[in-house]
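Taking it in order: structure first as structure tokens, then the write-up.
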Amino acid sequence: ASGAPGPAYWQQRADYEIDAELDEKNLRLNGSETITYYNNSPDPLSYLWVQLDENQHKAGSDNKLTERSKMSTQMDYNALTNIINPENKLGVQILKVTDEKGTALPYTINNTMMRIDLPATLQPKQKYKLRITWNYNIANRMIDGGRGGYEYFAEDDNYLFTITQWFPR
């Protein structure tokens, strides 16, 4: 009743080693990461879920399908084009998912979630290492919305990047 964890409390753990590069010229983020996942639960796991937050900007995402119209009284060319032609090149591109030895792991992407099937059941108190190589085009937050992305400042000819939840986790 106090809200304190009980004697059977557990919490999963994931440690990340991330190599990332901001390609400012092409407005792209390139990365690779090694995830060490610790199964602290009492249950064996045959797959892991990874969050792909940037897929909320992808054309056809549930986020885009449930948005209200963005038509306003005055719109610039970019904003109008985004409504008329909602195809975009946003969202995480998964280039490779492997175990720590480089063997490919099967995976399925469903919107902002990626299920990675493990080659063997991960038992309680065991850990597993996997590697993901990815990239994505960074969203123009002034057009695409959201809390993260880039904003261009013409008077200074530079970009401000406000990127949140930026890596597969």
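The values are calculated or read from the model by the stated rules, or taken from the named source; none is laboratory data. For clarity, every value in this text was computed on a predicted model and none was experimentally measured. Reconstructed Cβ throughout: ideal geometry from the backbone, glycine too, with neighbour counts over all protein chains shown. Ligands, DNA and RNA are excluded from the accessible area calculation, which covers all protein heavy atoms including side chains. Shrake-Rupley method; radii C 1.70, N 1.55, O 1.52, S 1.80 Å.
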Selection count, segment 1-49, where residues are open to solvent by less than 50 Å² (accessible area, probe 1.4 Å), within 30 Å of D157 (Cα to Cα) and in a strand (DSSP E or B): 5
Among residues of segment 99-140, those that are of a type outside the set (A, V, I, L, M), over 26 Å from Q11 (Cβ atoms) and assigned to a strand (DSSP E or B), counted: 5
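Can N135 be described as closer than 22 Å to G31 by Cβ, open to solvent by 30 Å² or more (accessible area, probe 1.4 Å) and of a type in the set (S, T, N, Q)?
On the way: closer than 22 Å to G31 by Cβ: yes; open to solvent by 30 Å² or more (accessible area, probe 1.4 Å): no; of a type in the set (S, T, N, Q): yes.
Against the criterion (closer than 22 Å to G31 by Cβ, open to solvent by 30 Å² or more (accessible area, probe 1.4 Å) and of a type in the set (S, T, N, Q)), N135 does not qualify.
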Residue list for segment 1-28, filter: in contact with a strand residue (DSSP E or B) (Cβ under 6 Å, 6 or more places away or on another chain) and within 22 Å of L105 (Cβ to Cβ): R13, A14, D15, Y16, E17, I18, D19, A20
The one condition in (1) open to solvent by less than 70 Å² (accessible area, probe 1.4 Å); (2) part of a loop (DSSP other than H, G, I, E, B); (3) farther than 30 Å from Y9 by Cα that D156 fails to fulfil: (1)
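In a loop (DSSP other than H, G, I, E, B), surrounded by fewer than 18 Cβ atoms within 10 Å (Cβ to Cβ), out of contact with any Gly (no Cβ under 7 Å at 6 or more places or on another chain) and modelled with pLDDT of 95 or more, is that true of S72? Explain how you work it out, then say what you get.
Values: in a loop (DSSP other than H, G, I, E, B): yes; surrounded by fewer than 18 Cβ atoms within 10 Å (Cβ to Cβ): yes; out of contact with any Gly (no Cβ under 7 Å at 6 or more places or on another chain): yes; modelled with pLDDT of 95 or more: no.
Here the answer is no, as S72 does not meet what is asked.
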